[in-house]
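A.B. asks: Just dropping this structure here.
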Amino acid sequence: MNLHEYQGKALFAEYNLPVSKGKIIYSADEVTDACNEIGGTSWVVKAQVHAGGRGKSGGVQLINTPEDGIKFAEKWLGNNLVTYQTDAKGQPVNSILIEECTNISQELYLSAVIDRDSQKIVFIGSSEGGVNIEDVAKNMPEKIIYQGVVYGDKSLPDSALNIAKVLKLNDIQTNQFISMIDNLLRLFVEKDLSLLEINPLVITDSGDLLCLDAKVNIDSNALFRHPELLEMYDETQEDPQEAEAAKNDLSYVSLDGNIGCMVNGAGLAMGTMDTIKFYGGNPANFLDVGGTATQERVAKAFKIILEDPDVKVVLVNIFGGIVRCDLIAKGIIAAIKEVEVKIPVVVRLEGNSADKGSKILSKADIKIDSINDLADAAKKAVELAK
Amino acid sequence: MSILVNKDTRLIVQGFTGSQGTLHSEQSIEYGTNIVGGVTPGKGGMEHLGKPVFNSMDEAVEELDPNASIIFVPAKFCKESIIESAQAGIKLIVCITEGIPTLDMLEVKKRIDDLGVRLIGPNCPGVITPGEAKLGIMPGNIHKPGSIGIISRSGTLTYEAVKQTTDLGFGQSSCVGIGGDPIPGSSFIDMLKLFEDDDQTEAIVLVGEIGGNAEEAAAEYIKNNVTKPVISYIAGQTAPAGKRMGHAGAIIAGGKGTAKDKIEKLKECGVHIADNLVSIGSKVAEVLQR
């Protein structure tokens, strides 16, 4: 689950990390009060969306009067911001973070992830901040450090020192940085983060470290122990079909093609998409209906797939494991009737009682193409989608 | 021979009396697996599916001398269950549960490595040695004793590979689902080692998917250490970047972890690629020239 910058910064503040003084607003009416409360003569206004690249797309602006802030709020609130990280529609802006203006003398980069290879939390630091870190990794790999750390380990200050050297910090900043790493790691572990990125981490003109941005991603599997974080979930930033699927415990990802896919198991769902592509078609989605493809779940899945107007045919691919295919077949027929599916449906059943399942499908009083061989089923779906 | 499990496996089921534990234990017993008992805290002393139930792994180990455990408890309790089993002296633990927090797994992995315990999963279908023992949720009837070792990150994809190798008459020595999580208990490499040393295994099928670089690491290992033919299929060739494809570990991040990169690396290291899900079996036949 992603957090907005302002939510991430609230967490940062809770963990004694240096962030700018700021205020979140939801309407243009609140701008003047917010500016006055923060104080100073210039401010930064930042559209809050779950995507990077906001600055280059006009979503971040320096303002010298509250009036300019009102203009910015009127322009963005209720509209979508398109960045290189969003799709063509962009992400809706429902709130704006107003912050005091910071005079920057240098931009650095700091992030933390769970590294699969070393099976550790790894901090990534670079003296090159404010730019795309993948580009730095490619073009100037010597300017990046990857430092594995262990929570609760006594060597943490040494690890922080290693990073500080690559960031070329002076003694005062290094001291600030050592406690920063300690606090960030505590935040990472206590709040079950899967990603934490500060780009840029800046050195201000007074020589202090400051977290100018905050990208925080929380491990969705751990939300059961963080009700306070679950409250920060912003459904408006998710694809509506994907959000609806998630609510029903289905995993769905929308794609550009026209062949809807309903499959049990994530791996097989990907394999089915690939098979469609292999035979010249284009999948409209990834959808894992789960191990127990009951009528209720299948009906829900059909509804979600059919929300996509491009879908011309649905390919259902179920490998019956413990659940018998004859029961699944009955569920599919009932679901097609319940949802009133009007486009062709190709069903491939394999595994437990597949023959019985196919018989039930072919005897149904609605038209279903029941094909047991996956290659043939995929070919049929591709043909029907043309 | 086979790997990990066989007819001498004495299995304890953790989360025995729950709905999942009950359903899959019934199927496993029917398949011939020697389930010696189960653990459900608070239900010690009762009998379930004709087997004794204990409150803790320590008690179960003391009474029944098991050599493996399988876990069906909810994700939020899995960390404790895995560590409990490992500390009770079990050396092979299979965890089926999906959705364990990644930081829990980091801790678990360190603890089990220190104790020298082999963990399969989590978020996996389990392990089966056809005709001998089934520790997992896979449909037993598609398997057949034979010569192909199968390793996979996905459940239903494993079943496809199994079905195809059964239909062509090869059968399987053992099949292991290592699971779709970012921090799995065992890696492809751990399983490749076991299959390489197993006399019954003639060829190995490795079913991978997008995300991480477990397949690339496996490819490098195969090049230097595996003499048996390896056939691989990688799922997710059409997956978009940055989106999690169901499995927590299946995500293309920062341009890394694509199917294309994995396939290229595997090919480079001498692995035979099945370019389509439906041709895993026929690729095995082609490689073994049968």
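The values are calculated or read from the model by the stated rules, or taken from the named source; none is laboratory data. Keep in mind that what you see is a predicted model, and the values were worked out from it rather than measured. Quick reminder, even Gly has a Cβ in these numbers, built from the backbone with ideal geometry, and neighbours come from all protein chains shown.
A.B. asks: When you go through B:83, B:90, B:71 one by one, which is the residue that is in contact with a Cys (Cβ under 6 Å, 6 or more places away or on another chain), more than 14 Å from every other protein chain (Cβ to nearest Cβ) and at pLDDT 95 or above?
C.D. replies: So the residue among B:83, B:90, B:71 that is in contact with a Cys (Cβ under 6 Å, 6 or more places away or on another chain), more than 14 Å from every other protein chain (Cβ to nearest Cβ) and at pLDDT 95 or above is B:71.
A.B. asks: Closer than 22 Å to residue B:179 by Cα, more than 8 Å from chain A (Cβ to nearest Cβ), at pLDDT below 95 and buried (at least 22 other Cβ atoms within 10 Å of the Cβ), is that true of residue B:257?
C.D. replies: When the stated conditions are applied, residue B:257 passes them.
A.B. asks: Considering A:356, A:337, which residue is assigned to a helix (DSSP H, G or I) and either more than 19 Å from residue A:260 (Cβ to Cβ) or in contact (Cβ under 8 Å) with a residue 40 or more places away in the chain (or both)? It would help to see each step written out before you state the result.
C.D. replies: Working: A:337 fails: either more than 19 Å from residue A:260 (Cβ to Cβ) or in contact (Cβ under 8 Å) with a residue 40 or more places away in the chain (or both).
Exactly one of A:356, A:337 is assigned to a helix (DSSP H, G or I) and either more than 19 Å from residue A:260 (Cβ to Cβ) or in contact (Cβ under 8 Å) with a residue 40 or more places away in the chain (or both), namely A:356.
A.B. asks: Considering region A:108-136 alone, what residues qualify as being among the small types (Gly, Ala, Ser) and farther than 25 Å from residue A:8 by Cα?
C.D. replies: A:118 - this is the single residue of region A:108-136 that is among the small types (Gly, Ala, Ser) and farther than 25 Å from residue A:8 by Cα.
A.B. asks: So, in region A:132-150, how many residues would count as being outside any helix (DSSP H, G or I) and free of Cβ contacts under 8 Å to residues at least 12 places away in the same chain?
C.D. replies: Number of matching residues: 1.
A.B. asks: Considering each residue of region B:160-183, count those that are more than 9 Å from every other protein chain (Cβ to nearest Cβ) and surrounded by fewer than 23 Cβ atoms within 10 Å (Cβ to Cβ), and give that number.
C.D. replies: Going through region B:160-183 one residue at a time, the tally reaches 6.
A.B. asks: Restricting attention to region A:236-282, which residues are facing another protein chain (nearest Cβ under 7 Å) and among the charged types (D, E, K, R)? Steps first, answer last, please.
C.D. replies: Kept after step one, since they are facing another protein chain (nearest Cβ under 7 Å), are these residues of region A:236-282: A:251, A:253, A:255, A:264-271, A:273-275, A:277-278.
Passing the criteria: A:274, A:277.
A.B. asks: Condition first: surrounded by fewer than 20 Cβ atoms within 10 Å (Cβ to Cβ) and under 25 Å from residue A:306 (Cβ atoms). Now tell me which residues in region A:342-368 satisfy that.
C.D. replies: The answer is A:342, A:343, A:344, A:362, A:363, A:364, A:365, A:366, A:367.
A.B. asks: Are any residues in region B:184-198 touching a Ser or Thr at 6+ places or on another chain (Cβ under 9 Å) and not hydrophobic (A, V, I, L, M, F, W, C), and if so, which ones?
C.D. replies: Once the filter is applied, which keeps residues that are touching a Ser or Thr at 6+ places or on another chain (Cβ under 9 Å) and not hydrophobic (A, V, I, L, M, F, W, C), region B:184-198 yields B:196, B:198.
A.B. asks: Does any residue of region B:118-141 turn out to be in a helix (DSSP H, G or I), within 13 Å of another protein chain (Cβ to nearest Cβ) and either more than 24 Å from residue B:67 (Cα to Cα) or touching a residue at least 12 places away in the same chain (Cβ under 8 Å) (or both)?
C.D. replies: Applying the first criterion (in a helix (DSSP H, G or I)) to region B:118-141 yields B:140-141.
Of the ones still in play, those that are also within 13 Å of another protein chain (Cβ to nearest Cβ) are B:140-141.
Narrowing the set further to residues that are either more than 24 Å from residue B:67 (Cα to Cα) or touching a residue at least 12 places away in the same chain (Cβ under 8 Å) (or both) leaves B:140-141.
The answer is yes, given that some residue of region B:118-141 is in a helix (DSSP H, G or I), within 13 Å of another protein chain (Cβ to nearest Cβ) and either more than 24 Å from residue B:67 (Cα to Cα) or touching a residue at least 12 places away in the same chain (Cβ under 8 Å) (or both).
A.B. asks: Those residues that are under 17 Å from residue A:276 (Cβ atoms), buried (at least 18 other Cβ atoms within 10 Å of the Cβ) and either acidic (Asp, Glu) or away from chain B (no Cβ under 14 Å) (or both), I need them from region A:294-325; list them, please.
C.D. replies: Within region A:294-325, A:305, A:311, A:313, A:314 qualify.
A.B. asks: Another one. Here are B:218, B:214, B:285, B:250: which of them is at pLDDT 95 or above and either at the interface with chain A (Cβ under 9 Å from one of its Cβ atoms) or under 30 Å from residue A:221 (Cα atoms) (or both)?
C.D. replies: On the way: B:214 fails: at pLDDT 95 or above; B:285 fails: either at the interface with chain A (Cβ under 9 Å from one of its Cβ atoms) or under 30 Å from residue A:221 (Cα atoms) (or both); B:250 fails: at pLDDT 95 or above.
From the options B:218, B:214, B:285, B:250, the qualifying one is B:218.
A.B. asks: Could you check, for region A:175-188, whether at least one of its residues is crowded, with 17+ Cβ neighbours inside 10 Å, in contact with a Lys or Arg (Cβ under 9 Å, 6 or more places away or on another chain) and not in a loop (DSSP other than H, G, I, E, B)?
C.D. replies: So far as region A:175-188 goes, no, none of its residues is crowded, with 17+ Cβ neighbours inside 10 Å, in contact with a Lys or Arg (Cβ under 9 Å, 6 or more places away or on another chain) and not in a loop (DSSP other than H, G, I, E, B).
A.B. asks: Which one of these is in a helix (DSSP H, G or I), farther than 21 Å from residue B:162 by Cα and under 23 Å from the mean Cα position of the chain (by Cα): A:301, A:269?
C.D. replies: On the way: A:269 fails: farther than 21 Å from residue B:162 by Cα.
From the options A:301, A:269, the qualifying one is A:301.
A.B. asks: State yes or no: is residue A:285 within 15 Å of residue B:236 (Cα to Cα) and more than 8 Å from chain B (Cβ to nearest Cβ)?
C.D. replies: Judged against the criteria, residue A:285 is a match.
A quick yes/no check of all residues on (1) touching a residue at least 40 places away in the same chain (Cβ under 8 Å); (2) crowded, with 17+ Cβ neighbours inside 10 Å; (3) small (Gly, Ala, Ser):
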site: A:3; (1), (2), (3): yes, yes, no
site: A:12; (1), (2), (3): yes, yes, no
site: A:19; (1), (2), (3): yes, yes, no
site: A:53; (1), (2), (3): no, no, yes
site: A:59; (1), (2), (3): no, yes, yes
site: A:67; (1), (2), (3): no, no, no
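A.B. asks: Looking at region A:106-119, which of its residues are in a strand (DSSP E or B), in contact with a Leu (Cβ under 7 Å, 6 or more places away or on another chain) and either small (Gly, Ala, Ser) or free of Cβ contacts under 8 Å to residues at least 60 places away in the same chain (or both)?
C.D. replies: Those that are in a strand (DSSP E or B), in contact with a Leu (Cβ under 7 Å, 6 or more places away or on another chain) and either small (Gly, Ala, Ser) or free of Cβ contacts under 8 Å to residues at least 60 places away in the same chain (or both): A:111, A:112.
A.B. asks: Pick from region A:168-213 the residues that are of a type in the set (Lys, Arg) and within 14 Å of chain B (Cβ to nearest Cβ): which of them is nearest to the chain's Cα centre (by Cα)?
C.D. replies: The extreme case among them is A:191.
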